[in-house]
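Everything on this sheet refers to the single structure shown next.
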Amino acid sequence: SMASDKQVTFVIVGGGIAGVTCAEQVSKTLEEFDIEEQPSSVLEEKYPNLKVLQSAVKLLRAKEHVCTLIIVIGNGGIALELVYEVEGCEVIWAIKDKAIGNTFFDAGAAQFLIPSLEADKKERSLPCKRARYTTDKTGDHSGASGGLGSALGPDWHEGIELRGTVQNSSGVRVEYECEVDTIYTQQEFLQSQLDTKKSELGLWPTYVQLTNGKIYGCDFVVSATGVVPNTDPFLSGNNFELAGDHGLRVDDQMRTSEQDVYAAGDVCTAGWEPSALWQQMRLWTQARQMGWYASRCMAADVLEEPIELDFCFELFSHITKFFSYKGVLLGKFNAQGLGQDHELLVRCTKGQEYVKLVLTGGRMVGAVLIGETDLEETFENLILNQMDLSRYGEELLNPNIDIEDYFD
């Protein structure tokens with residue numbers, strides 16, 4: 001109704017990291033931060049000029065500057081943490097790659113982490129800040145089926161009891177280089193030609209057939225297969241340029257092809273020529289960086305001030321956890337786009353650390369650090385200043401040399 005129409009300077013759609021950061025304009029390339037779920041009233045109390053509307057976008061009319069609202073399996077980060085955290089039940093982990101965690105690291109790092117699936121897990125002493133996930137039950141949810149939610153984030157499993165009833169469970173079984181072919185309900189399986197396998201598999205609520213021909217019965221299936229840009233609500237009646245991944249293509253000031261419409265986070269795809277040391281990945285770190293930078297670009301446009309691409313897009317950097325180990329990814333950490341023109345230096349101490357450096361032309365362009373290495377700041381600086389490290393060779397990872405002091 002017209003009574004609900006609001007005229008504002010900026011409309012920020014999305015309550016994830018990018019959206020909240022853009023609204024807050026909070027502020028270093030490499031940083032570690034805590035994510036805490038809070039009610040929208042916290043933002044409104046903190047910023048008197050901010051009004052939060054809890055609703056899903058039904059339609060965006062870019063040219064008229066009108067936004068219409070209504071009430072409403074895998075090998076990535078979520079899958080990695082899920083198979084590690086679940087205890088007391090058997091887990092079948094189907095991945096399409098030759099090694100686990102292919103999105104974040106190579107087969108060497110995967111081999112370093114595999115023993116953690118069998119090892120006893122340490123008890124956590126710190127409480128989780130975000131212990132509950134709920135769906136708002138209020139209001140009209142007509143048309144809400146198929147709605148998409150925001151990413152759960154790096155500590156989604158904290159405070160959740162992921163323990164089954166099976167004693168002495170054999171743990172995780174990984175099925176490599178395969179995908180899900182078909183998922184059957186119990187009734188569908190019993191009526192199918194695969195019923196001959198019933199005596200072998202037993203009776204389960206659901207059954208999964210993999211592309212390698214294997215069939216497993218299970219209690220439930222968890223699909224953790226990545227992020228899809230949720231652009232559909234914005235396309236009707238507009239002329240947005242889309243990237244190959246269906247994200248809204250943005251320029252180096254986070255502007256879409258529609259005037260006065262900016263995009264940040266998972267919904268967008270960087271359309272500018274990236275730095276040789278940066279690539280886009282739909283992670284919480286980049287959502288925060290994009291949201292913050294987008295807010296600056298929006299303000300600069302209103303004030304008619306020039307703005308340059310933020311330094312955070314100069315070097316890819318991400319801090320996370322892999323099977324309870326601290327993980328740091330820098331630059332071209334998996335030699336992305338380097339072809340054969342690179343060399344790798346690796347240091348691995350079983351159960352403690354895994355360090356991999358990526359060099360090209362004697363200069364460091366990427367790194368993977370797993371464990372408490374305390375090397376991230378040093379390697380970040382070496383990547384950024386592009387110092388010729390040819391004369392050091394394998395001594396770069398000599399554990400008897402304090403490399404931090406050497407390059408201080």
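The values are calculated or read from the model by the stated rules, or taken from the named source; none is laboratory data. All values derive from a computational prediction rather than experimental measurement. FYI the Cβ positions are ideal-geometry reconstructions off the backbone, even for glycines, and counts take in every protein chain you see. Heads up: the accessible areas ignore ligands, DNA and RNA and are worked out on the full protein's heavy atoms, side chains in. Shrake-Rupley method; radii C 1.70, N 1.55, O 1.52, S 1.80 Å.
Okay, residues lined up against (1) modelled with pLDDT under 75; (2) closer than 23 Å to Ala263 by Cβ; (3) crowded, with 17+ Cβ neighbours inside 10 Å:
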residue: Lys58; (1), (2), (3): yes, yes, no
residue: Ala62; (1), (2), (3): no, yes, yes
residue: Ile78; (1), (2), (3): no, no, yes
residue: Lys98; (1), (2), (3): no, no, no
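Which pairs turn up if I take residues in region 382-405 that are over 21 Å from Cys348 (Cα atoms) and look for partners that are acidic (Asp, Glu) and surrounded by 14 or more Cβ atoms within 10 Å (Cβ to Cβ) with beta carbon separation below 9 Å, at least 6 apart in sequence or on another chain?
Taking only residues 6 or more apart or on different chains, the pairs are Leu384/Glu314.
Give Gln340, Gln336 a once-over and let me know the one that is within 24 Å of Gly76 (Cβ to Cβ) and either open to solvent by 10 Å² or more (accessible area, probe 1.4 Å) or in a helix (DSSP H, G or I) (or both). Step through it out loud before you land on a result.
Values: Gln340 fails: within 24 Å of Gly76 (Cβ to Cβ).
The conditions single out Gln336.
Residues in region 227-246: is at least one part of a strand (DSSP E or B) and over 17 Å from Gly74 (Cα atoms)? Explain how you work it out, then say what you get.
In the first step, residues of region 227-246 are kept if they are part of a strand (DSSP E or B); the result is 242.
Still in the list and also over 17 Å from Gly74 (Cα atoms): 242.
Yes, region 227-246 contains at least one residue that is part of a strand (DSSP E or B) and over 17 Å from Gly74 (Cα atoms).
Which ones in region 247-263 are in contact with a strand residue (DSSP E or B) (Cβ under 8 Å, 6 or more places away or on another chain), open to solvent by less than 30 Å² (accessible area, probe 1.4 Å) and in a loop (DSSP other than H, G, I, E, B)?
Selection gives Gly247, Met254, Thr256, Val261, Ala263.
Please count how many residues of region 231-243 are surrounded by 14 or more Cβ atoms within 10 Å (Cβ to Cβ) and either more than 23 Å from the chain's Cα centre (by Cα) or at pLDDT below 90 (or both). So that I can check it myself, show each step before the final result.
Just the residues of region 231-243 that are surrounded by 14 or more Cβ atoms within 10 Å (Cβ to Cβ), to begin with: 231, 233-235, 238, 240, 242-243.
Those still in the list that are either more than 23 Å from the chain's Cα centre (by Cα) or at pLDDT below 90 (or both) too: 233, 235, 238, 240.
Residues meeting the conditions: 4.
For every residue, the table says whether it meets (1) open to solvent by 50 Å² or more (accessible area, probe 1.4 Å); (2) out of contact with any helix residue (DSSP H, G or I) (no Cβ under 9 Å at 6 or more places or on another chain).
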{"site": "Phe311", "(1), (2)": "yes, yes"}
{"site": "Thr320", "(1), (2)": "no, no"}
{"site": "Tyr325", "(1), (2)": "no, no"}
{"site": "Gly351", "(1), (2)": "no, no"}
{"site": "Gly362", "(1), (2)": "no, yes"}
{"site": "Asn381", "(1), (2)": "yes, yes"}
{"site": "Asp388", "(1), (2)": "yes, yes"}
